[in-house]
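Worksheet for the structure shown next.
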Amino acid sequence: MSLIDTYGRVHRDLRVSLTDRCSLRCTYCMPENQIFAPKSTLMSADEVVAFSAAFVKLGINKIRLTGGEPLVRSDFAEIISRIAELKSVGLKTLTLTTNGILLHQRLQTILDAGVEDINVSLDTLMPDRFLKMTRRDQFHKVMSNIHLLLDNQVNTKVNVVVMSGINDDEVFEFIHFTRDYPIEVRFIEFMPFEGNNWRSGKMISSAALLKRASDHFELIPVENSFHGTAKIFRVLGYTGKFGFISTMTAPFCEGCNRIRLTADGKIKNCLFSKGEMDLLSHYRNGIDIKAMIEENILAKEERWGGQSLFENTANRPMVAIGG
Ligand code: SAM
Ligand code: SF4
């Protein structure tokens, strides 16, 4: 069984947002006046597991838990351990994206669920700047938890949203960070979402960053997978690697095999899709969701959810979608 769209893309990768709440307030992700959804409108643990199981039956073999901040959910341990059980019916990879703050409390649960790779977001190596960018003073906690992951041999990717005049002066420092640690730093182009004051001048293209990096370091390209979102490089002699995620300037829609489920149980077949399909309400009314999921995939647009990202993008704030 496979979820294939009209462009022949086979969908294997599901991102499940567990909550629209977060312990940080990153300026590019959560608007200052963000209103959180009432808890009763969010998927319960049973619903997250039921939907995940339905997607796995339809051919999804990778699930990434995200948010908001997935680790703030009080029933996180129950959810991840129950989703891990789907490995007996076709799930191959279970992973998560986190701001890292609660990793020291949750790590054993995560490892027990068989997670081998974790993406941690960290946009600056300067504590003061971290406070400005996230509106919370948690730099040292995140950094110590990245080291905790490395001490536990977890494959660790560090997501960095690069913004002009905000943190783009730290690109070399982040590349230096890969010298001694087996991490993968991923520089992400700043994307437009509701309430994040996106302007093209604030975005730095991956090509411009690559040029800066290659003028300064001797780079070796690393093989990339067709479905991967990042173009990866390594500096000669360094332990780790780094890559560029160019959603804005060189989108990877052609190889897209991803689909998203928001914390309030809506399918977004593209990060930028305007339309959402309300699985949760239908499920709560006893309707079989399998046909709805298949229909939704068939409606997937070729690129960027059918929007033009450099004009006014209609979308929720990223914190309410799940990345
Ligand atoms: N709270 C978790 C975290 O920060 O890793 C998971 C959710 S967060 C929405 C997922 C990813 O989306 C993070 O790596 C974050 O940096 C990225 N993100 C959020 N807003 C973005 C934007 N406007 N442009 C590019 N990436 C963004
Ligand atoms: Fe929270 Fe992650 Fe968004 Fe930052 S990027 S506000 S940590 S959801």
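We did not get these values from a lab; they are worked out from the coordinates using the rules stated. In this text the structure is predicted, and so the values were computed from the model without any measurement. Counting neighbours? That spans all protein chains shown, and the Cβs are built from the backbone with ideal geometry, glycine included.
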### Task
Determine the dipole magnitude for region 178-263: charges of +1 sit on the beta-carbon of Lys and Arg, -1 on that of Asp and Glu, nothing else is charged, the reference point is the Cα centre, and the result goes in debye to the nearest 20.
140 debye
### Query
Between Rg and the Kirkwood Rh of region 191-252, both from Cα atoms, what is the Rg to Rh ratio?
1.03
### Query
So how do THR95, THR134 line up by other beta-carbon neighbours within 10 Å, fewest first?
THR95, THR134
### Task
Quickly work out the ASP180-to-HIS140 label distance, labels modelled 7 Å from Cα along the C-beta direction, and quote it in nm with one decimal.
1.9 nm
#### Entry: Value of [θ]222 nm, deg cm²/dmol, for the chain, DSSP H segments ≥ 4, -39500 (n - 2.57) each, nearest 500
-7500 deg cm²/dmol
### Message
What does the charge count around LEU125 come to, taking other residues whose C-beta lies under 10 Å from its C-beta (Lys +1, Arg +1, Asp -1, Glu -1)?
### Response
-2
### Summary
At R0 = 25 Å the Cβ-Cβ FRET efficiency linking ASP75 and GLU254, nearest 0.05, sits at 0.10
### Task
Name the long-range amide H neighbours of PHE233: under 5 Å, sequence gap of 5 or more, or other chain; modelled H, no Pro or chain starts.
VAL222, PHE242, GLY243
### Query
MET203's amide H: which non-local residues (gap 5+, or another chain) put their own amide H closer than 5 Å, with H modeled 1.01 Å from N in plane and none for Pro or chain starts?
SER164
### Of every Cα-Cα pair in region 160-222, the percent that sits beyond 18 Å
37 percent
### Kirkwood Rh (inverse of mean 1/r, distinct Cα pairs), the chain, angstrom
20.1 Å
### Message
Can you give me the Kirkwood hydrodynamic radius for region 116-199, using every pair of distinct Cα atoms, in Å to one decimal?
### Response
13.6 Å
### Query
With each pseudo-label sitting 7 Å past Cα toward Cβ, what's the LYS87-GLN153 distance in nm, one decimal?
1.5 nm
### Message
So for region 60-144, averaging the separation of alpha carbon pairs under 8 Å that are six or more residues apart and normalising by length, what relative contact order in percent results?
### Response
29 percent
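Which percent, nearest 5, of DSSP beta bridges in the chain are antiparallel?
Among the beta bridges of the chain, antiparallel pairing accounts for roughly 30 percent.
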### Task
Starting from the Cα gyration tensor of region 170-323, multiply each eigenvalue by 5, take the square root, and state the resulting semi-axes largest first in whole Å.
35, 17, 14
### Message
Need one number: the % of Cα-Cα pairs in region 134-177 sitting beyond the 13 Å mark.
### Response
66 percent
## Note on the structure
So, relative contact order of the chain in percent, Cα under 8 Å, 6 or more apart, is 22 percent
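Between the DSSP loop rule and a limit of at most 11 other Cβ atoms within 10 Å, which chymotrypsin sites (Phe, Trp or Tyr not before Pro) in region 202-306 are left?
Hits after loop and neighbour filter: PHE226.
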### Summary
Two pseudo-spin positions, 7 Å from Cα along C-beta at ARG199 and at ILE4, lie apart in nanometres by 4.7 nm
### Query
Could you give me the ³J(HN,Hα) list for region 183-194, computed from phi with Karplus coefficients 6.51, -1.76, 1.60 and θ = phi - 60°, whole Hz, x at Gly and Pro?
9, 10, 8, 10, 8, 10, 5, 5, 10, x, 9, 3
### Query
Which of the cysteines found in the chain have nothing to pair with, since no other Cys Cβ lies under 4.7 Å from theirs?
CYS22, CYS253, CYS256, CYS270
### Query
For region 23-75, taking Cα atoms only, what is the radius of gyration to one decimal and the Dmax to the nearest whole Å?
13.8, 39
### Message
Explain nothing, just the number: relative contact order of region 184-303, from Cα pairs under 8 Å at least 6 residues apart, as a whole percent.
### Response
20 percent
### Task
Just round it to a whole percent: the fraction of Cα-Cα distances in region 11-130 exceeding 21 Å.
40 percent
